[in-house]
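Here's the structure, in structure tokens; my notes come after.
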Amino acid sequence: MKTIRFLGHSCFMISNDKERILIDPFLTGNPLAAVKSDELKPTLILVTHGHGDHIGDAVEISVRTGAPILGVFELVNYCMAKGAKGISAHMGGKIPFEFGWVKIVPAFHSSSTGDGVYTGHPVGFVINFYGHHIYHAGDTCIFGDMELISRLYRVDTALLPIGGNYVMDIDDAVEAARLLNCSNAIPMHYNTFPPIEADPVVFREKLENKTRANGVVLKPGEEMVLE
Ligand code: NI
Ligand code: MN
């Protein structure tokens, strides 16, 4: 059985009985984190950008488990200098794995670490996990080439920020889901901190009125089965 589990903020674990792909593991210091970072044993870690609420515990988890961090060149170099394993790539790269592939796509945002290191261009990921295509948008505003992503890859499940302020708000995320022509949309990046408060039920209602997507609201710790 393939599942995607929401761990809080923008952190998800996509897994079956063999593979465990962890995305944006911000757990330590996250008031809504569903797990502690030392409970996780991923086989692959994806990081969208260097901000602390995304790179989070990635280096510690990679050092402990040996799971490589996949991301853009500068971000992976930063992590490897701290002892992590890395897979360096960039936008346009389609990296093959036993489960399928990971494609790196653009995001409109910035990327640096808390200690001031530039970590390259922020990105999103399209993940083909045994035939189910998941798009993790990272931190981004809405942009027209989300439509191009849908044309190239078919998006089964989109993980979309809805908290506003730093990223898309609810209305932008609904329009993003329309551009992506996705079958399911799971909201993320809301209610962790005061500036990004948003009601995921309002997102689900607007989404299902205006697009063909099902809105799937997961509390931290909850999961969805991937068809
Ligand atoms: Ni950010
Ligand atoms: Mn963020």
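Assorted remarks:
- Selected residue (criterion: farthest from Ser183 (Cα to Cα)) from residues of the range 106-155 that are assigned to a strand (DSSP E or B) and within 16 Å of ligand 1 (Cβ to nearest atom): Tyr118
- The range 199-227, residues that are assigned to a loop (DSSP other than H, G, I, E, B), surrounded by 17 or more Cβ atoms within 10 Å (Cβ to Cβ) and touching a helix residue (DSSP H, G or I) at 6+ places or on another chain (Cβ under 6 Å): Thr211, Ala213
- Checking each residue in the range 156-167 for being within 15 Å of ligand 1 (Cβ to nearest atom) and not hydrophobic (A, V, I, L, M, F, W, C) picks out Pro161, Gly163, Gly164, Asn165, Tyr166.
- Looking only at the range 74-126, and only at residues there that are over 22 Å from Ile142 (Cα atoms) and charged (D, E, K, R), the one that is surrounded by the most Cβ atoms within 10 Å (Cβ to Cβ): Glu74
- Among the residues of the range 156-174, those that are part of a loop (DSSP other than H, G, I, E, B) and within 23 Å of Pro194 (Cβ to Cβ) comprise Ile162, Gly163, Gly164, Asn165, Tyr166, Val167, Met168, Asp169.
- Some residue of the range 183-191 being of a type in the set (A, V, I, L, M) and touching a Pro at 6+ places or on another chain (Cβ under 7 Å): yes
- For the range 22-66, residues that are in contact with a Pro (Cβ under 9 Å, 6 or more places away or on another chain), under 20 Å from Lys219 (Cβ atoms) and away from ligand 1 (no atom under 16 Å from the Cβ) total 7.
- Applying the set (1) touching a residue at least 12 places away in the same chain (Cβ under 8 Å); (2) assigned to a strand (DSSP E or B); (3) away from ligand 1 (no atom under 16 Å from the Cβ); (4) not basic (Lys, Arg) to Pro96 leaves exactly one unmet item: (1).
- Scope the range 33-56; condition more than 13 Å from ligand 2 (Cβ to nearest atom) and in contact (Cβ under 8 Å) with a residue 40 or more places away in the chain; matching residues: Ala33, Ala34, Val35, Leu44, Leu46
- Residues being charged (D, E, K, R) and farther than 26 Å from Pro220 by Cβ - total across the range 126-169: 4
Rule-based calculations on the coordinates, nothing more; no lab input. As the structure is a prediction and not an experimental result, all values here were calculated from the model. Methodologically, a virtual Cβ is constructed for each residue, glycine included, from the backbone with ideal geometry; neighbour enumeration extends over all protein chains shown.
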